[in-house]
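> Next up is a structure, given as structure tokens.
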Amino acid sequence: MDRAPVLLLCAVLLPPACATAREPRIHSVPDARVVLAEFARQLPARSRVTARVAYKGTLRGTLLKVTDDSIVLQTELVEEVPFDRLLALELDVAGNGGRASLTATLAASAIAGAALGVVVMLVLISSF
């Protein structure tokens with residue numbers, strides 16, 4: 001009598017456990033060059049970009065054109081970077097040289113300082 005619940009439990013749990021032992025599904029990941037090429041094609045011409053290039057480092061400049069095999073950047077020189085050497089491509093959104101983050105940091109500091117001042121004044125007022 002004690003074996004019946006155990007056998008029933010084994011019969012219920014065994015098929016789902018065997019089902020997970022099948023071959024795992026493999027999801028295909030697109031090639032990085034394809035993704036970078038699609039991203040580059042969506043950028044408008046004259047966009048400010050930062051490109052990380054294999055064996056060359058980081059290039060910052062203006063995107064002049066995108067071909068099937070490469071991008072053309074205007075840095076100090078006009079440079080053509082093939083997609084197979086392109087490691088990363090980023091759009092520079094801050095047109096003012098990154099000062100937007102500095103402005104946001106200063107604003108957050110000012111707000112935090114004002115909040116701390118209000119708390120100190122409330123503590124002083126409540127102690128009298």
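Read-outs: derived from the displayed coordinates by stated rules, not from any lab. In this text, all values refer to a predicted model and were calculated from it rather than measured experimentally. Note that we place each Cβ from the backbone using ideal geometry, even for glycine, and neighbour counts take in every protein chain shown.
> Provide 109, 70, 127 in ascending order of the number of other Cβ atoms located within 10 Å of each residue's Cβ, fewest first.
On the way: 109 10, 70 18, 127 6.
The order, fewest Cβ neighbours first, is 127, 109, 70.
> Using 0.36 nm per residue of separation minus the Cα-Cα distance, give me the extension gain between residue 64 and residue 109 in nm, one decimal. Walk me through the numbers on the way to the answer.
Values: separation 45, 0.36 × 45 = 16.20 nm, distance 3.89 nm.
Extending this stretch completely gives an extra 12.3 nm.
> Something else now. What is the packing order of peptides 119-125, 60-66, taking the mean over residues of other C-beta atoms within 10 Å and listing the highest first? Before the final figure, lay out the partial values.
Numbers: 119-125: 9.4, 60-66: 16.0.
The peptides rank, most packed first, as 60-66, 119-125.
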